[in-house]
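Everything on this sheet refers to the single structure shown next.
The values are calculated or read from the model by the stated rules, or taken from the named source; none is laboratory data. No experiment lies behind these values; they were computed from the predicted model shown. So basically every Cβ, Gly included, is an ideal-geometry build from the backbone, and we count neighbours across all protein chains shown.
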Amino acid sequence: MFTGLVEEIGKIKNIKAIGAARRFNITAKKVLTDAKIDDSICVNGCCLTVVESDSNSFSADVIEESIRKTNLGTLKIGDVINLERSLLPTQRLGGHIMQGHVDTVGKVVSIKPESSGKLVTISFDGKYRKYIVPVGSIAINGISLTVAKVESNTFTVAIIPHTWENTSLKIIHPGDSINLEFDVLGKYVENMVKFK
């Protein structure tokens, strides 16, 4: 479980192809202070398992299913990524409950500067519209954000300057793919209603 409050920005140091899968080696500092093999680290919104680590990097495997459902397959050496360690029961839940299970990939449509912050509009497959609620929570590349506006196949989030500067959002451009995780509560409610 994660909160969507990014702890640090890491960098892809190396990518090793394993058939259609990948092993990422990621440079980091803060998330490594207590990391050990088998720990979960949220990488751009994707829950990955630490398989190797040292004092300044960790490695995690990205299997084919994750490549199909996320933007991790498009990452290159040198790309920056959002990192968050899994939630401890003693921590405040400052964002919202996230699983690190990306639902789909959206696309950045526009970035509109305002006097303080930015409005970012993202397009998505319209079949997911039922999971996006105005003023509800959504995770974008692992960042807990609030939906400001939603239409049939786009939604807009308002980004405060602190979040913009301290996450990988500061390097996004229109046309970039972005990982989306919808609020887990809505998905469970839908499943319970569907199967009564």
Check: When you go through (1) farther than 16 Å from Thr167 by Cβ; (2) surrounded by fewer than 18 Cβ atoms within 10 Å (Cβ to Cβ) one by one for Val50, which number turns out not to apply?
Finding: (2)
Next item on the list: Identify all residues within segment 63-79 that are over 13 Å from Ala21 (Cβ atoms) and hydroxyl-bearing (Ser, Thr, Tyr); write none if there are none.
Entry: Thr74
Check: Among Thr167, Thr154, which is the only one that is of a type in the set (Ser, Thr, Tyr) and either within 21 Å of Arg68 (Cα to Cα) or under 16 Å from the mean Cα position of the chain (by Cα) (or both)?
Finding: Thr167
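Any residue at all in segment 99-106 that is without any contact (Cβ under 8 Å) to a residue 60 or more places away in the chain, in contact with a strand residue (DSSP E or B) (Cβ under 8 Å, 6 or more places away or on another chain) and either farther than 22 Å from Ser168 by Cβ or of a type in the set (S, T, N, Q) (or both)?
Just the residues of segment 99-106 that are without any contact (Cβ under 8 Å) to a residue 60 or more places away in the chain, to begin with: none.
Looking through segment 99-106, none of the residues is without any contact (Cβ under 8 Å) to a residue 60 or more places away in the chain, in contact with a strand residue (DSSP E or B) (Cβ under 8 Å, 6 or more places away or on another chain) and either farther than 22 Å from Ser168 by Cβ or of a type in the set (S, T, N, Q) (or both).
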Next item on the list: Return yes or no: is Asn179 within 17 Å of Gln99 (Cα to Cα), touching a Cys at 6+ places or on another chain (Cβ under 8 Å), touching a residue at least 24 places away in the same chain (Cβ under 8 Å) and buried (at least 16 other Cβ atoms within 10 Å of the Cβ)?
Entry: yes
Item checked: Subset of segment 109-145 [under 17 Å from Gly4 (Cα atoms) and exposed (fewer than 15 other Cβ atoms within 10 Å of the Cβ)] -> Val135
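Taking the condition in contact with a helix residue (DSSP H, G or I) (Cβ under 8 Å, 6 or more places away or on another chain), among the aliphatic types (A, V, I, L, M) and farther than 14 Å from Ile159 by Cα, does Ile132 pass?
Working: in contact with a helix residue (DSSP H, G or I) (Cβ under 8 Å, 6 or more places away or on another chain): no; among the aliphatic types (A, V, I, L, M): yes; farther than 14 Å from Ile159 by Cα: yes.
It is false that Ile132 is in contact with a helix residue (DSSP H, G or I) (Cβ under 8 Å, 6 or more places away or on another chain), among the aliphatic types (A, V, I, L, M) and farther than 14 Å from Ile159 by Cα.
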Check: What residue, of Ile9, Ile26, is of a type outside the set (Gly, Ala, Ser), assigned to a strand (DSSP E or B) and buried (at least 22 other Cβ atoms within 10 Å of the Cβ)?
Finding: Ile26
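Quick one: would you say Thr156 is of a type in the set (Ser, Thr, Tyr), more than 25 Å from Met1 (Cβ to Cβ) and touching a residue at least 12 places away in the same chain (Cβ under 8 Å)?
Working: of a type in the set (Ser, Thr, Tyr): yes; more than 25 Å from Met1 (Cβ to Cβ): yes; touching a residue at least 12 places away in the same chain (Cβ under 8 Å): yes.
It is true that Thr156 is of a type in the set (Ser, Thr, Tyr), more than 25 Å from Met1 (Cβ to Cβ) and touching a residue at least 12 places away in the same chain (Cβ under 8 Å).
Let's see how each residue does on (1) aliphatic (A, V, I, L, M); (2) under 13 Å from Ser110 (Cβ atoms):
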position: Ile140; (1), (2): yes, no
position: Thr146; (1), (2): no, no
position: Ser152; (1), (2): no, no
position: Thr156; (1), (2): no, yes
position: Trp164; (1), (2): no, no
position: Gly175; (1), (2): no, yes
position: Asn179; (1), (2): no, no
Notebook entry, point to check: Is it the case that segment 30-38 has a residue that's assigned to a strand (DSSP E or B) and either surrounded by 17 or more Cβ atoms within 10 Å (Cβ to Cβ) or modelled with pLDDT of 95 or more (or both)?
Noted result: no
Note to self: For the list (1) over 18 Å from the mean Cα position of the chain (by Cα); (2) more than 14 Å from Trp164 (Cα to Cα), I need the number of the one condition that Ser123 fails.
What the structure shows: (1)
